[in-house]
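Notes follow the structure.
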Amino acid sequence: MKKNWEMPDFGWQMKSLASAETSFEVTKNGVYDLRIVHSTIKGVSPKMLEWWFRNIGGDMTYRGHRYPRYLIWHPLDHIHWELVGQKGKAQQVGVGSYFRIVEAFANNPSYQIDSIERVEKLDITGIRLVRRILGIEIFSLEHHFGQAGTEGSSYRSQMLVGSDHWLMGPLFNKLIRPFIFSKIMGRLWLKHNIEEVGNFEFFLPELYRQYHPQFCDGDMIAEPWRLLQQP
């Protein structure tokens, strides 16, 4: 799938691989286990993160222009997002929703994924996405959110690619997975995810503020947009 939008260069200094703690292991059953402990997301609260994943669709105004929200999140790698199985304006995102996610790691079509995943968890503590084949889990991605003092949010990610099912596991891990998610793509995903999570600092506080002008019930860290101006 080709990107319908050519996103401008916003001049963002995306976070580097070295900014986070990462690991990429292969379990004894052949499952890829990728983990990230991100650096603090400054100016962003867990409530904002939950709100984002519930409102990831549609467009937003950034620097005077309208763009799809999903493409703003990672202007280079993201291609398309949609809520599968729901039509019209009254789309509701929550547990049981299905996300279609299209992205190309390193902005390279050779490393493109196009996947439909079920939301198994979505609340102020995090989100979990799962993909199954014939009822057997072959992919999961879980993000854990937490408050990091007054600075922002902690954020931990774990992706599992493969199956430990006694029959499906060997077939999928050895014969199918290499064609849809290689080890190279795994390493590129670590970098991609660090970048997109870090990008929240550039746009999410302002976007959230547009929909929550009163900052009610402690949803926001005090004056989060000012934290972004600090060295």
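Structure notes:
- Residue in region 143-154 that is of a type in the set (Ser, Thr, Tyr), surrounded by 15 or more Cβ atoms within 10 Å (Cβ to Cβ) and touching a His at 6+ places or on another chain (Cβ under 6 Å) present: no
- Residue within region 26-39 that is under 24 Å from Ser154 (Cα atoms), modelled with pLDDT of 95 or more and part of a helix (DSSP H, G or I) present: no
- For region 122-140, a residue qualifies if it is surrounded by 15 or more Cβ atoms within 10 Å (Cβ to Cβ) and either touching a residue at least 60 places away in the same chain (Cβ under 8 Å) or within 16 Å of Tyr155 (Cα to Cα) (or both), and the qualifying residues are Leu122, Ile124, Gly126, Ile127, Arg128, Leu129.
- The requirement of being under 27 Å from Gly162 (Cβ atoms), surrounded by 14 or more Cβ atoms within 10 Å (Cβ to Cβ), of a type in the set (S, T, N, Q) and touching a residue at least 60 places away in the same chain (Cβ under 8 Å) is not satisfied by Thr40.
- Top-ranked residue of region 58-111 - restricted to ones that are of a type in the set (Lys, Arg) and not in a strand (DSSP E or B), ranked as surrounded by the most Cβ atoms within 10 Å (Cβ to Cβ): Arg69
- Complete set of residues in region 10-25 that are surrounded by fewer than 14 Cβ atoms within 10 Å (Cβ to Cβ) and either assigned to a strand (DSSP E or B) or free of Cβ contacts under 8 Å to residues at least 12 places away in the same chain (or both): Gly11, Gln13, Ala18, Glu21, Ser23, Glu25
- Flag for Arg209 being surrounded by 17 or more Cβ atoms within 10 Å (Cβ to Cβ) and basic (Lys, Arg): no
- Test for Asp114: is it surrounded by fewer than 20 Cβ atoms within 10 Å (Cβ to Cβ), of a type in the set (D, E, K, R) and closer than 21 Å to Glu82 by Cβ: yes
- Here Arg209 meets the list (1) outside any loop (DSSP other than H, G, I, E, B); (2) at pLDDT below 95; (3) more than 21 Å from the chain's Cα centre (by Cα) almost entirely, failing just condition (3).
- Every test in (1) at pLDDT 95 or above; (2) within 18 Å of the chain's Cα centre (by Cα) is passed by Val93 save one, and that test is (1).
- When Lys183 is tested against (1) of a type in the set (Lys, Arg); (2) over 16 Å from the mean Cα position of the chain (by Cα); (3) farther than 23 Å from Val37 by Cβ, just one condition goes unmet, and that condition is (3).
The values are calculated or read from the model by the stated rules, or taken from the named source; none is laboratory data. Here the structure is a predicted model, which is why all the values come from computation and not from measurement. When we count neighbours, we look across all protein chains shown, and the Cβ atoms used for this are built from the backbone with ideal geometry, even at glycine.
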